[in-house]
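Asks: I'd like to ask some things about the structure below.
The values are calculated or read from the model by the stated rules, or taken from the named source; none is laboratory data. Everything quoted here is computed from the prediction, not taken from an experiment. No Cβ is skipped: glycine too gets one built from the backbone with ideal geometry, and neighbour counts run over all protein chains shown. Ligands, DNA and RNA are stripped out before the accessible areas are found, and what is left, the full protein with its side chains, is counted by its heavy atoms. Shrake-Rupley method; radii C 1.70, N 1.55, O 1.52, S 1.80 Å.
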Amino acid sequence: MTITREQILQALGNVEEPDLKKDLVTLNMIQDIQIEGNRVSFSVILTTPACPLKAMIENACRNAILYFVSKDADVHINMTSQVTSQKNTGVPGVKNIIAVASGKGGVGKSTVAVNLALGLAKTGAKVGLIDADIYGPSIPIMFGLENARPQASEVNGKTRIQPIEKYGVKLLSIGFFTDPNQPVPWRGPMVSTAVKQLFNDADWGELDYLVIDLPPGTGDIHITVTQTFPVTGAVIVTTPQNVALADAKKGIGMFMMPAINVPILGVVENMAYFTPAELPENKYYIFGQGGGKKLAAQLDVPFLGEIPLIKGISDSGDTGKPIVLDEDSMMAKAFTDMAKSVAQQVAISNAKAFEKANAAQPLNN
């Protein structure tokens, strides 16, 4: 029996992308089909290298060929990716801008932002991170770059800031340009100008994701970023107790306002429970249980995961090596899984925006 390209496509037309709810062929995710006797090879182009369903999709493709085409087929699948983008972000070369926000301070927003950026980079994505918390920049400390100063270069006749790169992530923070021992007593217009410069005056190159660590609350910087740059989506960080949840709800409400209209990628519950290092199976819910998950369900937004309260997380940030880099830590998996969930929601949000834009196009007679 001779295997044909049409048979391969017909078989793979039975494999659905679980998030996008369409088959791989319709989504144009199958490329480079090669057939040599019983040997069949092709590439599956995922929407992100951080896809948490990668193994399941690969297994479904292999089974489809063996079931619908030939049980004797020798199937070779190249699982690769091309990160999607729903619109021009306003920053050349950047496909997606992800805002990380919280309704109040002290919930670990910067820790989540740092480990999210590094978790995405670990999967093979090209990632940048902007510390937009002008009044309390913490990224330099968390990356061990307190005394670092970015270089400037000429790009197409214009002076551009070169982001500092560490652990595979490109970084910029107002903390690189100010005295760490001095406060930043800036009024709103100065703050807005400084934030815009971190976007517009930097040579970011090609990035799949640019993560923005926003300050706590709902102030000038949030409005500047969301109204100046088309943000792909926002990640909301909270802790389980009611005070934090009430403020997180306000933060979500801000992004949903018509004048801002930024999709909510989901809620991360930080400090969800305490687990002692000597008793890793034990969970102590110090601040209450399941508050973030309930908030996500109440507002009908995705729940991106629980991050435990473990001393190693703060220690790793203080020493300039975020915990997601520690492959032996149980926390590395928690943050990596969270990063994959965020990437998954970015792909879903981009697909919805694409469908909405196409539906709005007038039909040609």
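Asks: Across segment 73-132, what is the total count of residues that are more than 19 Å from Gly205 (Cβ to Cβ) and of a type in the set (Asp, Glu)?
Replies: Here the count works out to 1.
Asks: Is it the case that some residue within segment 325-338 is open to solvent by 60 Å² or more (accessible area, probe 1.4 Å), of a type in the set (A, V, I, L, M) and in contact (Cβ under 8 Å) with a residue 24 or more places away in the chain?
Replies: yes
Asks: Being farther than 24 Å from Asn350 by Cα and acidic (Asp, Glu) narrows it down to one of Asp32, Asp23, Asp19, so name that one.
Replies: Asp32
Asks: What is the residue count in segment 216-253 for residues that are part of a strand (DSSP E or B) and surrounded by fewer than 17 Cβ atoms within 10 Å (Cβ to Cβ)?
Replies: Total meeting the criteria: 0.
Asks: Separate question: Under 9 Å between Cβ atoms, at least 6 apart or on separate chains: pull out the pairs that start in segment 2-26 with a residue that is on the phi > 0 side of the Ramachandran plot and end on any residue that is basic (Lys, Arg) and open to solvent by 40 Å² or more (accessible area, probe 1.4 Å).
Replies: Pairs that qualify, where the first residue is on the phi > 0 side of the Ramachandran plot and the partner is basic (Lys, Arg) and open to solvent by 40 Å² or more (accessible area, probe 1.4 Å): there are none.
Asks: Next question, about the same structure. Within segment 178-215, work out how many residues are out of contact with any Phe, Trp or Tyr (no Cβ under 7 Å at 6 or more places or on another chain), part of a loop (DSSP other than H, G, I, E, B) and at pLDDT below 85.
Replies: 9
Asks: Any idea which of Ala343, Ala297, Ala347, Ala360 is surrounded by fewer than 14 Cβ atoms within 10 Å (Cβ to Cβ) and at pLDDT 90 or above?
Replies: The conditions single out Ala297.
Asks: Against the definition (in contact (Cβ under 8 Å) with a residue 24 or more places away in the chain and over 17 Å from Ile212 (Cα atoms)), how does Pro189 come out, yes or no?
Replies: No.
Asks: On to the next question. Pairs please, first residue from segment 52-80 and under 30 Å from Lys333 (Cα atoms) and of a type in the set (Val, Ile, Thr), second anywhere and part of a helix (DSSP H, G or I) and open to solvent by less than 70 Å² (accessible area, probe 1.4 Å), Cβ atoms under 6 Å, 6+ apart in sequence or on different chains.
Replies: Close Cβ pairs (under 6 Å, with a partner that is part of a helix (DSSP H, G or I) and open to solvent by less than 70 Å² (accessible area, probe 1.4 Å)) amount to Ile77/Glu58; Ile77/Cys61.
Asks: Of the conditions (1) outside any helix (DSSP H, G or I); (2) at pLDDT 95 or above, Gln10 satisfies every one except a single condition; which number is it?
Replies: Condition (1) is where Gln10 drops out.
Asks: Also, quick follow-up: Among the residues of segment 139-169, which ones are open to solvent by 30 Å² or more (accessible area, probe 1.4 Å), on the phi < 0 side of the Ramachandran plot, out of contact with any Leu (no Cβ under 8 Å at 6 or more places or on another chain) and free of Cβ contacts under 8 Å to residues at least 40 places away in the same chain?
Replies: Glu146, Asn147, Arg149, Gln151, Ala152, Glu154, Lys158, listed by residue number.
Asks: Within segment 259-293, how many residues are modelled with pLDDT of 90 or more, closer than 17 Å to Val231 by Cβ and surrounded by fewer than 18 Cβ atoms within 10 Å (Cβ to Cβ)?
Replies: Qualifying residue count for the region: 2.
Asks: Go over the candidates Thr80, Thr26, Thr48 one by one and state the one that is out of contact with any Leu (no Cβ under 8 Å at 6 or more places or on another chain), more than 30 Å from Thr239 (Cα to Cα) and among the β-branched types (Val, Ile, Thr).
Replies: The unique qualifying residue is Thr26.
Asks: I've got another one for you. I want to confirm something. Restricting to segment 300-314 and keeping residues that are modelled with pLDDT under 90 and of a type in the set (A, V, I, L, M, F, W, C), which single residue is surrounded by the most Cβ atoms within 10 Å (Cβ to Cβ)?
Replies: Ranking the qualifying residues of segment 300-314, first place goes to Ile313.
Asks: Among the helices (runs of 4 or more DSSP H) lying completely within segment 254-365, list those that include at least 1 residues that are over 15 Å from the mean Cα position of the chain (by Cα) and farther than 21 Å from Asn115 by Cα.
Replies: Filter on segment 254-365 gives 291-299, 330-360.
Asks: So if I check each of Leu198, Leu214, which one is within 17 Å of the chain's Cα centre (by Cα) and either under 21 Å from Leu304 (Cα atoms) or not polar (S, T, N, Q) (or both)?
Replies: Leu214
Asks: Do we find that Glu36 is within 26 Å of the chain's Cα centre (by Cα) and among the acidic types (Asp, Glu) in this structure?
Replies: Numbers: within 26 Å of the chain's Cα centre (by Cα): no; among the acidic types (Asp, Glu): yes.
In short, no.
Asks: Does Gly219 qualify as being under 27 Å from Lys196 (Cα atoms) and not basic (Lys, Arg)?
Replies: On the way: under 27 Å from Lys196 (Cα atoms): yes; not basic (Lys, Arg): yes.
So Gly219 passes the test.
Asks: Determine whether Leu210 is open to solvent by less than 10 Å² (accessible area, probe 1.4 Å) and either among the acidic types (Asp, Glu) or in contact with an Asp or Glu (Cβ under 9 Å, 6 or more places away or on another chain) (or both).
Replies: So Leu210 does not fit the description; no.
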